[in-house]
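Asks: Starting off with a structure, shown below.
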Amino acid sequence: AQSVTQLGSHVSVSEGALVLLRCNYSSSVPPYLFWYVQYPNQGLQLLLKYTSAATLVKGINGFEAEFKKSETSFHLTKPSAHMSDAAEYFCAVSDRESNYQLIWGAGTKLIIKP
Amino acid sequence: EAGVAQSPRYKIIEKRQSVAFWCNPISGHATLYWYQQILGQGPKLLIQFQNNGVVDDSQLPKDRFSAERLKGVDSTLKIQPAKLEDSAVYLCASSFGAGGTSYEQYFGPGTRLTVT
């Protein structure tokens, strides 16, 4: 069965520092991969998605993620953190095996220190 | 383009009471999802509709939860009777389709339910 592991329930970085949120997945077939962001008291917003095209995917708000098949990873990065990036980030995978339903990670809360 | 609408945004009820949530998906989206999100966890799929038919309700606690999508547009999710462990955010999402390139899900703001 598919699964998604997000390393670190909380990640704290200083404003202006590199943001790295880790996501590893298990899937026996080519997956679609997603990063969603959830601001307090709001729904989930799609940041970016991998759909078997370019392995480096650029999303909104300066975020990007790289699909590495050999490492079964889809880590999310941003070169310079901004206070407005403070939110919870969820990685999700879907594939034919899951009938394209989203399998979610537990989420990582990003804390930005001034 | 209007997004996914949900109401109410917040609801507080006592255990054993009933509650209903409403969702209006993006126009033209055939697939509708209800998720339960407990604090500190990722969303858990409760039920998936394709038009007005149920695709998957394997994780819906059918002894207390029910959902319908009449006419293949709006949907309601009901809990009766509520338990303390039902306290969560209930998210509705919609997508144009349910597979291939039509998989992208758009989420509503959610309804935060507190059961006391």
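Asks: If I filter region B:17-37 for residues that are surrounded by fewer than 13 Cβ atoms within 10 Å (Cβ to Cβ), within 23 Å of residue A:105 (Cα to Cα) and without any contact (Cβ under 8 Å) to a residue 60 or more places away in the chain, do I get at least one hit?
Replies: no
Asks: Ok, one more. Return the residues of region A:72-96 that are within 12 Å of chain B (Cβ to nearest Cβ) and assigned to a helix (DSSP H, G or I); say none if nothing qualifies.
Replies: Looking only at region A:72-96, we keep the residues that are within 12 Å of chain B (Cβ to nearest Cβ), and these are A:88-96.
Hit for region A:72-96 is A:96, nothing else.
Asks: One residue is enough: does region A:10-31 have a residue meeting the conditions among the hydroxyl-bearing types (Ser, Thr, Tyr) and crowded, with 19+ Cβ neighbours inside 10 Å? Outline the logic, then answer.
Replies: Step one: of region A:10-31, the residues among the hydroxyl-bearing types (Ser, Thr, Tyr) are A:12, A:14, A:25-28.
Right, trim to crowded, with 19+ Cβ neighbours inside 10 Å and you get A:25, A:27.
Yes: region A:10-31 contains one or more residues that are among the hydroxyl-bearing types (Ser, Thr, Tyr) and crowded, with 19+ Cβ neighbours inside 10 Å.
Asks: Within region A:57-71, can you find the residues that are more than 14 Å from chain B (Cβ to nearest Cβ) and surrounded by fewer than 17 Cβ atoms within 10 Å (Cβ to Cβ)?
Replies: Across region A:57-71, the qualifying residues are A:58, A:61, A:62, A:64, A:66, A:68, A:69, A:70, A:71.
Asks: Here is a follow-up. Quick one: residue B:20 ticks every box in (1) closer than 20 Å to residue A:41 by Cα; (2) of a type in the set (Gly, Ala, Ser); (3) not in a strand (DSSP E or B) bar one, so which box is it?
Replies: For residue B:20, the exception is condition (3).
Asks: Oh, and also: Can you tell me which residues in region A:46-56 are over 11 Å from the mean Cα position of the chain (by Cα) and either within 7 Å of another protein chain (Cβ to nearest Cβ) or of a type in the set (Val, Ile, Thr) (or both)?
Replies: So in region A:46-56, the residues over 11 Å from the mean Cα position of the chain (by Cα) come out as A:51-56.
A:51, A:55, listed by residue number.
Asks: Could you give me the residue pairs with C-beta distances under 9 Å whose first residue belongs to region A:12-27 and is more than 30 Å from residue A:98 (Cβ to Cβ), whose second residue is crowded, with 17+ Cβ neighbours inside 10 Å and modelled with pLDDT under 95 wherever it lies, and which are 6+ apart or on separate chains?
Replies: none
Asks: Residue A:36: closer than 20 Å to residue A:112 by Cβ, under 12 Å from the mean Cα position of the chain (by Cα) and within 14 Å of another protein chain (Cβ to nearest Cβ), yes or no? Spell out how you get there, then give the answer.
Replies: Numbers: closer than 20 Å to residue A:112 by Cβ: yes; under 12 Å from the mean Cα position of the chain (by Cα): yes; within 14 Å of another protein chain (Cβ to nearest Cβ): yes.
It is true that residue A:36 is closer than 20 Å to residue A:112 by Cβ, under 12 Å from the mean Cα position of the chain (by Cα) and within 14 Å of another protein chain (Cβ to nearest Cβ).
Asks: Report, ordered by the first and then the second residue, all pairs with beta carbons closer than 6 Å, sequence separation of six or more or different chains, a first member in region B:44-68 that is more than 13 Å from every other protein chain (Cβ to nearest Cβ), and a second member that is surrounded by 13 or more Cβ atoms within 10 Å (Cβ to Cβ) and in a loop (DSSP other than H, G, I, E, B).
Replies: Listed by first residue and then by second, the contacts come to B:51/B:30; B:52/B:69.
Asks: Follow-up question, since we're still on this one. Of all residues in region B:67-88, count the ones that are in contact with a strand residue (DSSP E or B) (Cβ under 6 Å, 6 or more places away or on another chain), more than 26 Å from residue B:53 (Cβ to Cβ) and outside any helix (DSSP H, G or I).
Replies: The qualifying residues number 2.
The values are calculated or read from the model by the stated rules, or taken from the named source; none is laboratory data. Keep in mind the model is a prediction, meaning the values are calculated, not measured. Note that we place each Cβ from the backbone using ideal geometry, even for glycine, and neighbour counts take in every protein chain shown.
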